[in-house]
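Have a look at the structure below before the remarks.
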Amino acid sequence: MSYAYLFKYIIIGDTGVGKSCLLLQFTDKRFQPVHDLTIGVEFGARMITIDGKQIKLQIWDTAGQEAFRSITRSYYRGAAGALLVYDITRRETFNHLTTWLEDARQHSNSNMVIMLIGNKSDLDSRREVRREEGEAFAREHGLVFMETSAKTAANVEEAFINTAKEIYEKIQEGVFDINNEANGIKIGPQHSPTSPGGLAGNGGQGGAQGGGCC
Amino acid sequence: MEYFKSSLKSVLGAPPPESQPSGADTVERLVDRLQSSSLLDDRRDACRALKALSRTYRVEVGAQGMDALRQVLEMDRTDCEIIGLALDTLCNITNPETFDEEVNKHGLKNKIGEQFTEIFIKQLDSVGQILAFLEEFDFRVRWSALKLLTHLLANRPRDIQEIILVSPMGVSKLMDLLSDSREVIRNDALLLLIQLTKGNANIQKIVAFENAFDRIFEVIRQEGGAEGGIVVEDCLLLMLNLLRGNASNQNFFKEGSFIQRLTPMFQLPPETDDSPLSGWSPQKVSNVHCMVKVIRALVAPSGPAQATAACQRAMRACGLLQALCDILMASGVPADVLTETISAVAEVIRGNASNQEFLAGVMAPSTPPRPAIVVLLMSMVNEKQPFLLRCSVLYCFQCFLYKNELGQSQLVQTLLPQGNEAPSLTTGQLLCGGLFSSDSLSNWFSAVALSYALIDNVTQKEQLLRVLLATNIGKPPVTLMQQCVMLLQQGNKTQCKLGLLILLCRWTAQCPTAVKAFLGIDSSVAYLTALLSSQENNDDLQETLLQSMCALLIGLCVYFNDDTVPNYTKEKLCHLIENRIGLERFQDAIGGITRHEVYSRTLKHPQPSAKNPADLLLDHEFCRLLKNLEGIIVKSVLDGSSSHRNNDPISTLTPSESALVAQYKELIREQDVQIQSLNQVNVTLSKEKCDLEAQIHELQATVNHLKDQNLVLRAAQTNFSDEKQMMSTENHIDTTVREDLDKYKVIVKDLQQRLDDSIMKLKEYEHERSNQSKSMLESALKEKMDELEKLQKDQEDLLELLTDQESKIVSYKQKLIALGEKVESDESSGELDTDDQPESSN
Ligand SMILES: Nc1nc2c(ncn2[C@@H]2O[C@H](COP(=O)(O)OP(=O)(O)OP(=O)(O)O)[C@@H](O)[C@H]2O)c(=O)[nH]1
Ligand SMILES: [Mg+2]
């Protein structure tokens, strides 16, 4: 329940590339075959462990549609990590990466870790963007790169966790100012504010079955 | 803006020189100074004076000064004093309230502030500019900018929401104000955020993203939690705005462990004996109300089931449910707080087995100790308790039994013969007591409560059939069902009957044994058929509901009938319905309920929603039952009776009767077609109607808009009514100008016409000309062609002649050679030719 660190993420990229599906696969281990267009943003969360430490990920899945662009920009500042997603079966989503990246760099804090993701790797027969192209783009712009499939869950865990590792390392190196919440990082509460002394005795009946809540 | 100013000027005109300077005059001079003076001090003074005038002469200052004020905001950005003054002036101009100073001139409810808001925000980035001033730390600037935004938002909520939503860091700047150490600013920011987040999910999410919950809890802590003042209530209202109906934010709230931070707020300080009510100031009552609403927003039955369940779990785990139950059992809690808390407990436990179990284990601190649920039910069947409190207890009990098989069976168990006398009051006993009390509301509450023990639980339906009630001494005991039917037949209040029917319908649904028991009770069916055949088309709501429920009950007896009661087999019942009630009438009756607004309202939310005791007639789960079964029941009754008919009457028809039937069938078919085409027409007409309505709407909006604008202008006009003469000359000038204008318009039109004509002619001419020249060329061409042909022919003739000559020359040459003459060869003659050339070319 309590965590050592809390990281805020955003997921960005063209509409239909599978951002919401990636989040759903990561938080609920489910796949959603129909495109449920995201309106504005949606929130999701999960706890992970890095280096033996509990890390809470708060993830904002943004809408890829152009119409929501000005709304979703409000989320760049205040995020520690970003997953920038394209669809390997649609080249135009790869071509738009530069625009996305410019937007992100302009509105976010400079230390934000960006993970480039080529999604839908299960659809290899319909591939339009070669893996090497993704790698090259990432290398050129200093991003981490991965191909994932929200459908088969391939690399989905890794994508979220590696981003966190990257942030974690930056913290260790002292690059991030963790006391500035605008960086999208929070240190966990030393003492859980949830168990005030008086109640422990009273509420014993229910038992603290923490598993469910966060 | 320019338009506004000039139109105002033309309305007002210049004042006569000798009279006292009017307000408008002064305003104009000040605006001039503000705009043209090069000295900052001078501009400041002008701005200060404008601010002072902006209440009494709000229309004049707004109409003439807005551009100048905007210019100040742009040019004098660095001078906090003048910026503060300019913002304050704009604040007055856009104030949504009417100033006392202007009531006489413009009336109580004028929309001047709204008009000026519209004008102000029309210029792009006006709002962005004000947002930028929020970053200035100087109190005069920051606070005034905040107030101005508040006014703009109050006047034009949707517009401002959209603008702030897309202005970079707009929300972020507002959120930072919550950490301002100057309380006025923090509190006003809170109020602004409450308005800003109303009904806009996107803004709500951004606000939450900007750590709103952390900041709100921090302010609540600073202000003393539930015991704190109105600022705490404001914090809670904002929290409520962020959470209500916003699944994403609810998830964020839960995941951020904020539920846990609610618990301490609910822990009441221990009571003091001497003044038990001192703990509940009106402010605290309001605060706790809001806190409870926050909880209910997280576990609302309308929310996504998975998320609701997660919140419910968290609330039990962190002691929040316990704290709520403590409030339930505490003494001295005001009734409305108690009511809301009971409803909150209801939703925290609804459908969640462990939370339901938790409530079942809560004991009230009474002597002897009783389960909290028993104490609650005692209030429900107690006429002296407030109506809304009783409703909330029913809701809580319903939620307790919802998807709770264990709870259902425990309740029924308390009604069954135990062998040993039950020593204490049980839930079952309380409900039976309520069922047979003289208070019809108690009857209704108890019957409905009992019906929840039977939902989706055939076992308990059968168990409940075994319940026997002791009546008068010496008489045999009767079953609970018999007693219910008897009460139904007695002249009780409709409310009581509706309750009993809800119970009986639930009981018989999906349970042939219960149907059998019901049919076996004396005159049970007779009662239903009598009631259904007696009245027709009654407009009374209660009557309609009563008939609906009776029809449903008899329908249930058909559909879930296992043909074990010889007098009332499926077939016989259908026959009965057809003959005694009529199929049409039956269908009409059963569907009657669904035509009422109260039905759709009740269907929407599980909580009883009646405001008055007499309005409490329908229950949520009952409506669902009806909705789910109505179709199949009607079908089974219709099938039952038509099979009946198929067997006898049709087969025995004479040929002439058959012909008649065929004729009717044809007629029906025709009418069917007609109906269809009429439906089609109806659809088109409805669509047209919609379109027209939309148009009307649009026009109305325009009219309103124009009216408002007119208002501002008229307001200004009345202010200068003593200068009517002036105005009339102005008007005169105006009309002459208009006449001139009209004249010129005519002339222009005429010229335009002539120009068009000319262009036309020109085109025609060109066309003609091109046609003409073409034919000329063609004939010339033809001539030339002819000529060419002739020449070619000549040439051919000549060539022929030439070859003729040549052959003649050849023959002459040969003759000459034969005669021994020396003749020149062709080649040598060629050489001679070339020799000639250089000379000729020189
Ligand atoms: N085969 C395959 N289909 C995928 C994968 N990921 C997403 N999809 C499909 O792609 C479509 C779009 O997925 P979403 O996650 O809703 O897209 P999005 O990026 O959130 O789109 P917006 O919300 O409009 O920005 C859906 O029909 C998904 O089923 C994947 O890895 N493999
Ligand atoms: Mg999406």
Worksheet item: Hey, does the range B:272-292 have a residue that's within 14 Å of another protein chain (Cβ to nearest Cβ) and surrounded by 22 or more Cβ atoms within 10 Å (Cβ to Cβ)?
Response: no
Fill in: the range B:294-336, residues that are of a type in the set (Ser, Thr, Tyr) and either under 17 Å from B:LEU389 (Cα atoms) or in contact (Cβ under 8 Å) with a residue 60 or more places away in the chain (or both)
B:SER302, B:SER331
Response to the item:
Of the residues in the range A:16-28, those that are within 6 Å of ligand 1 (Cβ to nearest atom) and modelled with pLDDT under 95 number 0
Worksheet entry | Residues located in the range A:72-98, provided they are within 14 Å of chain B (Cβ to nearest Cβ), of a type outside the set (A, V, I, L, M, F, W, C) and in a loop (DSSP other than H, G, I, E, B) | A:TYR76, A:ARG77, A:GLY78
Worksheet entry | Pairs where the first residue, in the range A:50-66, is away from ligand 2 (no atom under 12 Å from the Cβ) and the second is open to solvent by 70 Å² or more (accessible area, probe 1.4 Å), C-beta under 6 Å, 6+ apart | A:ILE50/A:LYS165
Discussion item. I need the full set of residues from the range B:212-249 which are open to solvent by 20 Å² or more (accessible area, probe 1.4 Å), within 12 Å of another protein chain (Cβ to nearest Cβ) and more than 18 Å from B:VAL184 (Cα to Cα), in order please.
Written reply: B:ASP214, B:ALA247
Worksheet item: Within the range A:41-63, is even one residue out of contact with any Ser or Thr (no Cβ under 8 Å at 6 or more places or on another chain) and small (Gly, Ala, Ser)?
Response: yes
Item to complete: Looking only at the range B:426-484, count how many residues are basic (Lys, Arg) and touching a strand residue (DSSP E or B) at 6+ places or on another chain (Cβ under 9 Å).
Response: 1
Worksheet, complete the sentence: A:SER149 fails exactly one of (1) surrounded by 20 or more Cβ atoms within 10 Å (Cβ to Cβ); (2) assigned to a helix (DSSP H, G or I), namely (2)
Practice prompt. Report yes if B:CYS325 is within 27 Å of B:LEU603 (Cα to Cα) and within 14 Å of chain A (Cβ to nearest Cβ), otherwise no.
Written response: no
Worksheet item: When residues of the range A:71-99 are filtered for being open to solvent by less than 10 Å² (accessible area, probe 1.4 Å) and within 16 Å of ligand 2 (Cβ to nearest atom), how many remain?
Response: 9
Worksheet item: Looking at (1) β-branched (Val, Ile, Thr); (2) within 15 Å of ligand 1 (Cβ to nearest atom); (3) more than 14 Å from every other protein chain (Cβ to nearest Cβ), which is the one condition that is false for A:ILE114?
Response: (2)
Worksheet item: Residues in the range B:341-348: is at least one buried (at least 20 other Cβ atoms within 10 Å of the Cβ) and within 12 Å of another protein chain (Cβ to nearest Cβ)?
Response: yes
Practice prompt. Could you tell me whether the range A:162-171 includes any residue that is of a type in the set (Lys, Arg) and open to solvent by 70 Å² or more (accessible area, probe 1.4 Å)?
Written response: yes
Practice prompt. State whether the residues of the range B:526-538 include one that is open to solvent by less than 60 Å² (accessible area, probe 1.4 Å), at pLDDT 90 or above, in contact with a Ser or Thr (Cβ under 6 Å, 6 or more places away or on another chain) and within 23 Å of B:LEU576 (Cβ to Cβ).
Written response: no
Worksheet item: So which residues in the range A:104-134 are within 21 Å of A:PHE7 (Cβ to Cβ) and part of a helix (DSSP H, G or I), if there are any at all?
Response: A:ALA104, A:ARG105, A:HIS107
Worksheet entry | Whichever residue in the range A:29-67 is within 16 Å of ligand 1 (Cβ to nearest atom), aliphatic (A, V, I, L, M) and touching a Lys or Arg at 6+ places or on another chain (Cβ under 9 Å) and, among such residues, is farthest from A:ARG77 (Cα to Cα) | A:ALA63
Worksheet item: When you look at A:ILE39, is it within 14 Å of ligand 2 (Cβ to nearest atom), out of contact with any Phe, Trp or Tyr (no Cβ under 7 Å at 6 or more places or on another chain) and under 22 Å from B:GLN204 (Cβ atoms), yes or no?
Response: yes
Worksheet entry | Residue check for A:LEU101: more than 16 Å from ligand 1 (Cβ to nearest atom), in contact with a His (Cβ under 9 Å, 6 or more places away or on another chain) and more than 14 Å from chain B (Cβ to nearest Cβ) | yes
Discussion item. Please return the ranges of strands (runs of 3 or more DSSP E) entirely within the range A:1-70 where 1 or more residues are within 13 Å of chain B (Cβ to nearest Cβ) and open to solvent by 40 Å² or more (accessible area, probe 1.4 Å).
Written reply: A:41-50, A:53-62
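The values are calculated or read from the model by the stated rules, or taken from the named source; none is laboratory data. Quick caveat: nothing in here was measured; it's all calculated off a predicted structure. When we count neighbours, we look across all protein chains shown, and the Cβ atoms used for this are built from the backbone with ideal geometry, even at glycine. We work out accessible area using only protein heavy atoms, side chains counted, and drop any ligands, DNA or RNA first. Shrake-Rupley method; radii C 1.70, N 1.55, O 1.52, S 1.80 Å.
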